[in-house]
Protein chains: 2
Amino acid sequence: MSDIPDLTAHTGYLLRMVSNAVSQKFARDVEGEGVTVAEWAMLRSLYGSDATTPSDLVRKMGMTKGAISKLADRLLDKGLIARTGSNRGQSLSLSPAGAQRVPILAALADQNDAAFFTVLSGEEHKQLRDLLHGLIKTHGLTTMPVD
Amino acid sequence: MSDIPDLTAHTGYLLRMVSNAVSQKFARDVEGEGVTVAEWAMLRSLYGSDATTPSDLVRKMGMTKGAISKLADRLLDKGLIARTGSNRGQSLSLSPAGAQRVPILAALADQNDAAFFTVLSGEEHKQLRDLLHGLIKTHGLTTMPVD
DNA sequence: TCCGTGAGGTTGACTAGGAAACTACCATTT
DNA sequence: AAATGGTAGTTTCCTAGTCAACCTCACGGA
């Protein structure tokens, strides 16, 4: 009577378990470079596209404008980005130091991903990616994960 | 020279995007029941196994003991759990009200999972679960996802 | 027996983010 | 020109975690 099904029956549960493992490992890695995952996400977003506004980042990163504002403050303190323009309609860009750091962090991201998923065969890896792409498409997901 | 590969090339990125979507939707759902995801996770852990200690939950849920302590406080305030025993070596259990709430929340979890993954064919769904189980096994993942 | 060690729990300081109030500026309308 | 509305950013308050310092007690050894 009224058994509560095993939680692990949920695909979302499995997904979260794996996803958390990947993310937490990556979080520790980038922390070693003195940067949080959210900070990395912002740096990455600024890379290659100069003149990005905070509100662009709000859309891309799916965070509130309050959070973006503070995040930018932190990166500014660390000297990794520059803020130009005044109160309204400003624009953010990587500082030289920031631009330098991005490839290093990107390499970490590559390594982290490879380390986790190379246990899959090429075929399996492709299957997984296809399935995820399918879910992303049918649910219309767009916001980049930040946490 | 030194192109930064597209982030979306990372399987971990895709995984996180999908996982976040599932989790955020579920978070909103349970919030409608006046409970956070972490609270739900604790309730669920207490269900069916009486006499669980906080340190058990630390292990199961992968949170620090500080967090578990405060989480238990909140559930206590809401009247969903009971705390017995003294300062050291206490044990936590569901209150009647808490035991009543679990099936409702479990139903939400079922619905949420179903809603997200039924766009997959039976075969695809099985593939996905098999792949995730494989990753969980080879990486020895055990901590239940809470966020 | 009594002491010390260390595990179980709590607490306080700190961090990152969300929500909403607030500020500043621009454009449009009158 | 003045008022008004809307968009961009900031700030304040709140929540939920971590971390580390701290209490309390059980138990093992001298």
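The values are calculated or read from the model by the stated rules, or taken from the named source; none is laboratory data. All of these numbers come straight from a predicted model, not from anything done at the bench. Virtual Cβ from ideal backbone geometry, glycine too; neighbours counted across all protein chains shown. Heads up: the accessible areas ignore ligands, DNA and RNA and are worked out on the full protein's heavy atoms, side chains in. Shrake-Rupley method; radii C 1.70, N 1.55, O 1.52, S 1.80 Å.
Looking for something under 30 Å from A:Ala114 (Cβ atoms) and of a type outside the set (Asp, Glu) - is there at least one such residue anywhere in the stretch B:96-112? No, the stretch B:96-112 contains no residue that is under 30 Å from A:Ala114 (Cβ atoms) and of a type outside the set (Asp, Glu). Residue-level check: of (1) away from DNA strand D (no atom under 12 Å from the Cβ); (2) under 30 Å from B:Ile136 (Cα atoms), A:Arg28 misses just (1). Could you please let me know if B:Arg16 is at pLDDT 95 or above and either within 13 Å of DNA strand C (Cβ to nearest atom) or surrounded by 17 or more Cβ atoms within 10 Å (Cβ to Cβ) (or both)? Yes, satisfied. From the list A:Gly89, A:Gly48, A:Gly79, the one residue that fits, being within 16 Å of DNA strand D (Cβ to nearest atom) and either assigned to a loop (DSSP other than H, G, I, E, B) or within 17 Å of B:Arg16 (Cα to Cα) (or both), is A:Gly89. When A:Asp147 is tested against (1) modelled with pLDDT under 95; (2) part of a helix (DSSP H, G or I), only condition (2) is not met. Considering the stretch B:95-107, the residues that are more than 16 Å from DNA strand D (Cβ to nearest atom), open to solvent by less than 30 Å² (accessible area, probe 1.4 Å) and assigned to a helix (DSSP H, G or I) include one that is farthest from B:Gly32 (Cα to Cα), namely B:Gly98. Restricting the stretch B:95-111 to residues that are touching a residue at least 60 places away in the same chain (Cβ under 8 Å) and touching a helix residue (DSSP H, G or I) at 6+ places or on another chain (Cβ under 6 Å), the residue that is farthest from DNA strand C (Cβ to nearest atom) is B:Leu105. The set of residues from the stretch A:108-123 being open to solvent by 70 Å² or more (accessible area, probe 1.4 Å) and charged (D, E, K, R) comprises just one member, A:Glu123. If only residues of the stretch B:75-94 that are more than 13 Å from DNA strand C (Cβ to nearest atom) and crowded, with 17+ Cβ neighbours inside 10 Å are counted, the one that is nearest to the other protein chains (Cβ to nearest Cβ) is B:Leu94.
What are the pairs, 6+ residues apart or on separate chains, where a residue within the stretch B:51-70 that is part of a helix (DSSP H, G or I) and within 9 Å of DNA strand D (Cβ to nearest atom) has its Cβ under 7 Å from a residue that is open to solvent by less than 40 Å² (accessible area, probe 1.4 Å) and of a type in the set (S, T, N, Q)? Going by the 7 Å Cβ cut-off, the qualifying pairs are B:Met61/B:Ser45. Considering (1) under 17 Å from the mean Cα position of the chain (by Cα); (2) surrounded by 21 or more Cβ atoms within 10 Å (Cβ to Cβ); (3) not aliphatic (A, V, I, L, M), the lone condition that A:Lys60 does not fulfil carries the number (2). Can you find a residue that is more than 13 Å from chain B (Cβ to nearest Cβ) and over 15 Å from A:Phe26 (Cα atoms) anywhere in the stretch A:97-105? Looking through the stretch A:97-105, at least one residue is more than 13 Å from chain B (Cβ to nearest Cβ) and over 15 Å from A:Phe26 (Cα atoms). When we screen A:Ala27, A:Ala38, A:Ala72 for residues that are open to solvent by less than 40 Å² (accessible area, probe 1.4 Å), more than 14 Å from chain B (Cβ to nearest Cβ) and out of contact with any Cys (no Cβ under 7 Å at 6 or more places or on another chain), the only hit is A:Ala72.
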